[in-house]
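Only one structure is covered here, and it is reproduced in the block below.
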Amino acid sequence: MPMAALTPLPSIFTPTPKRCRLSVAPRLGSKSQRPSDHYVRSPPGRSSGHEKNPPLPVHPPPPVLGEGLGKASAVALLAASLFLADPAVAFKGGGPYGAEVTRGQDLSGKDFSGKTLVNQDFKTSILRQANFRGASLIGASFFDADLTGADLSDADLRGADFSLANVTKANLRNANLEGALATGNTSFKGSVIDGADFTDVPLRDDQREYLCKVADGVNPTTGNATRDTLLCS
C-alpha cells in the first residue's frame, strides 16, 4: 500500500524579524527631551533638587601663615606697652588688698594692722614704719622690701618671703615666722624678737648668731621658745 505524502503543518512560533532602533539624542530645546535630562541652574548655595551635579560648597580660603603670627605679635606689643606705661597695671598686689597697688610702692607709715593679707605682694616696696600688728601675712612676699622700723608684732608670717629684705629695727615681738624665707642679705639687725618663732627659717650663720644674743621669750601661739627655734646653743 503506498504511503500518503505528509503535508507540513503550519508553524506555531513564527519568528518576527527584529527591528533596529537608533536612539538619537534630542536636541537642546526639543519637546521630546525629558525634564530629568535638563540641567537646572540653581542660585548659589541652594539646591533645586533636579540638578544631576549639585554645586559644591564654597569654603573661604585658608588663612595665611603669617597672618595669625602678626595678630599675636600685635597683642604682645600692646600688652608690653601697657606694662611699661602704667606701673599700676603691671604691679598689683594679690590677696584681699589687691584693689590697691602694694608692689613696688612707697607705703611708709601705712596702717595694715589686723588685716588679712594672705599671699599679698609687697615686693620691692618701701614699708618704713608701716603697721602690720596682728595682721595675717601668710605667704606674703616682702622680697627686697624695706621694712625698717615696721611693726610686725603678733603677725602671722608663716611662709612669708623676706629674701633680700631690710628688716632692721622692726618689732617682731610674738610674731610667728615658721617656714619664712630669709636668705641673701636679709637683715634683722636692731629688731625686737622677744617671743618670735623662727622655726625652719633658713638664716645665715652671722644672722643666727646675732639673733641668739638678743633672743628671749616664748611664742604665745606655738608655745615655742624663741632661742630653741633659732637653734641657739
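The values are calculated or read from the model by the stated rules, or taken from the named source; none is laboratory data. Predicted, not measured: the structure shown is a model, and the values here were computed from it. Note that we place each Cβ from the backbone using ideal geometry, even for glycine, and neighbour counts take in every protein chain shown.
Quick look at the values:
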quantity: Some residue of segment 203-216 being part of a loop (DSSP other than H, G, I, E, B), within 35 Å of the chain's Cα centre (by Cα) and buried (at least 24 other Cβ atoms within 10 Å of the Cβ); calculated: no
quantity: Looking only at segment 126-169, and only at residues there that are among the acidic types (Asp, Glu) and in a loop (DSSP other than H, G, I, E, B), the one that is nearest to LEU107 (Cα to Cα); calculated: ASP144
quantity: Among residues of segment 120-145, those that are under 31 Å from the mean Cα position of the chain (by Cα) and of a type outside the set (A, V, I, L, M), counted; calculated: 12
quantity: Residues that are modelled with pLDDT of 90 or more and either assigned to a strand (DSSP E or B) or over 15 Å from PHE143 (Cα atoms) (or both), drawn from segment 88-116; calculated: ASP106, SER108, GLY109, LYS110, ASP111, PHE112, SER113, GLY114, LYS115, THR116
quantity: Segment 176-201: number of residues that are over 18 Å from ALA145 (Cα atoms) and out of contact with any helix residue (DSSP H, G or I) (no Cβ under 9 Å at 6 or more places or on another chain); calculated: 2
quantity: Residue list for segment 150-178, restricted to those being of a type outside the set (A, V, I, L, M, F, W, C) and either under 18 Å from TYR210 (Cα atoms) or touching a Pro at 6+ places or on another chain (Cβ under 9 Å) (or both); calculated: ASP154, SER163, ASN166, THR168, LYS169, ASN171, ARG173, ASN174
